[in-house]
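Working notes for the structure below.
The values are calculated or read from the model by the stated rules, or taken from the named source; none is laboratory data. Remember, it's a predicted structure, so these values are computed and weren't measured experimentally. Here the Cβ positions follow ideal geometry from the backbone for every residue, glycine too, while neighbour counts run over all protein chains shown.
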């Protein structure tokens, strides 16, 4: 296999120091014809070649910038007290604030942010050097997910501080609709990548869990880049985490409330919404969610949380305090609200350990045996 390494932007290679301070067989022919003419150039071709793309620099970046919040305990977090010495509430207040991975936007400097733009443009240019459509379907899927997520990270980083990514505009257009990504001369928005390229050409709904929106209410950003070998595993991991979280599924009387994400994807994956979304959720549901599925008679896509998936809540807080570990101060200049969130995260991890939650062991910034480099059983269909 020919690997096409991407040059590492200088600032991305320094992120470690910063932290220390398809897919199956093709769709039926008629499904591909449903792709709008402008986007048919991106329909995967038969007889894929063995080329591949190296995303190791993005894995390095994500390992140093993404903080895992661990699995959901399916317990909403109460509203926190105001910051010390102020009546104003800084940081995260969402009941979902202890769910989903977070990206440390508040620690980024201009050089690192510029390197995100450089890397996004580098990925765009890759399509001028190799034939994306002739890659294996897993390689193609990894390319589109990575390009989408890099672009979203880049634009949020450029706009931070911002409370909600949906407030961001690129040249006057909302981020998700803005065509600032260019591949083979075609202007694409993040939504175009999802709904014009990936969703019409990949029939397994678990692809929806690869796309990061920058919001707590969406699927988690992963701490490694997608590639042909890990894409199925990471999508399964994302699906399991999201389906079994409060931001994915809740019970209200005899109603199953699910994320609005499923309504968005319904035209592609859940045409008979009530039946199809329940069947999909059951694939990943753990006992508590299975009980909700069995104990409800109707479904509504009503769950949403638009707050930014960062550590600081999208604001610069004027007050700071020390962070301690085992009673020893390990750093300073951490906003009070961030210190509070990290303390709640630690309490959550301790509860997971005390309760022996289904054998789950949660580590922070450690490589677990078999987690990385683990090959999949096959392609995402």
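May I ask you to list the residues in region 197-214 that are in contact with a strand residue (DSSP E or B) (Cβ under 7 Å, 6 or more places away or on another chain) and not in a loop (DSSP other than H, G, I, E, B)?
Restricting attention to region 197-214, the residues satisfying the condition of being in contact with a strand residue (DSSP E or B) (Cβ under 7 Å, 6 or more places away or on another chain) are 214.
Of everything in region 197-214, nothing turns out to be in contact with a strand residue (DSSP E or B) (Cβ under 7 Å, 6 or more places away or on another chain) and not in a loop (DSSP other than H, G, I, E, B).
Only one of these is under 27 Å from residue 189 (Cα atoms), assigned to a loop (DSSP other than H, G, I, E, B), at pLDDT below 95 and under 24 Å from the mean Cα position of the chain (by Cα): 77, 22. Name it. Before the answer, list the steps.
Details: 77 fails: under 27 Å from residue 189 (Cα atoms).
Being under 27 Å from residue 189 (Cα atoms), assigned to a loop (DSSP other than H, G, I, E, B), at pLDDT below 95 and under 24 Å from the mean Cα position of the chain (by Cα) holds for just one of 77, 22, which is 22.
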Go through the residues of region 133-140 one by one and say whether even a single one is in a helix (DSSP H, G or I), at pLDDT 95 or above and surrounded by fewer than 19 Cβ atoms within 10 Å (Cβ to Cβ).
-> yes
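Give the residue that is surrounded by the most Cβ atoms within 10 Å (Cβ to Cβ), with candidates limited to residues of region 168-180 that are out of contact with any strand residue (DSSP E or B) (no Cβ under 6 Å at 6 or more places or on another chain) and under 25 Å from residue 207 (Cα atoms). Explain how you work it out, then say what you get.
Step one: of region 168-180, the residues out of contact with any strand residue (DSSP E or B) (no Cβ under 6 Å at 6 or more places or on another chain) are 168-177.
Narrowing the set further to residues that are under 25 Å from residue 207 (Cα atoms) leaves 168, 174-177.
On the way: 168: 20, 174: 14, 175: 23, 176: 18, 177: 12.
So, considering only residues that are out of contact with any strand residue (DSSP E or B) (no Cβ under 6 Å at 6 or more places or on another chain) and under 25 Å from residue 207 (Cα atoms), the one surrounded by the most Cβ atoms within 10 Å (Cβ to Cβ) is 175.
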The lone exception for residue 281 - which of (1) over 30 Å from residue 157 (Cβ atoms); (2) surrounded by fewer than 20 Cβ atoms within 10 Å (Cβ to Cβ) it fails = (2)
Taking region 236-250 as the region of interest, how many residues are farther than 19 Å from residue 98 by Cβ and touching a strand residue (DSSP E or B) at 6+ places or on another chain (Cβ under 8 Å)?
-> 0
Log entry, pairs with first residue in region 90-103 being farther than 9 Å from residue 77 by Cβ, second being part of a strand (DSSP E or B), beta carbons closer than 6 Å, six or more apart or on different chains, reads 101/66; 102/67; 102/310; 103/66; 103/310
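How many residues are part of a helix (DSSP H, G or I) and either modelled with pLDDT under 95 or within 18 Å of the chain's Cα centre (by Cα) (or both) if we restrict to region 160-176? If you could, list the steps in order and put the result at the bottom.
Let us first name the residues in region 160-176 that are part of a helix (DSSP H, G or I), namely 165-167, 175-176.
This time we only want the ones that are either modelled with pLDDT under 95 or within 18 Å of the chain's Cα centre (by Cα) (or both), so: 165-166, 175-176.
Here the count works out to 4.
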Given the conditions (1) under 30 Å from residue 72 (Cα atoms); (2) out of contact with any strand residue (DSSP E or B) (no Cβ under 9 Å at 6 or more places or on another chain), report the number of the one that residue 183 does not fulfil.
-> (1)
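Got at least one residue in region 101-122 being part of a loop (DSSP other than H, G, I, E, B), out of contact with any helix residue (DSSP H, G or I) (no Cβ under 6 Å at 6 or more places or on another chain), crowded, with 16+ Cβ neighbours inside 10 Å and modelled with pLDDT of 95 or more? Break it down into steps so the answer makes sense when it comes.
Going through region 101-122, the residues part of a loop (DSSP other than H, G, I, E, B) turn out to be 101, 104, 108-109.
Those left that are additionally out of contact with any helix residue (DSSP H, G or I) (no Cβ under 6 Å at 6 or more places or on another chain): 101, 109.
After this cut, where a residue has to be crowded, with 16+ Cβ neighbours inside 10 Å as well, the list is 101.
Narrowing the set further to residues that are modelled with pLDDT of 95 or more leaves 101.
So far as region 101-122 goes, yes, one or more of its residues are part of a loop (DSSP other than H, G, I, E, B), out of contact with any helix residue (DSSP H, G or I) (no Cβ under 6 Å at 6 or more places or on another chain), crowded, with 16+ Cβ neighbours inside 10 Å and modelled with pLDDT of 95 or more.
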Residues of region 37-61 that turn out to be under 30 Å from residue 347 (Cα atoms) and surrounded by fewer than 20 Cβ atoms within 10 Å (Cβ to Cβ), as a count = 2
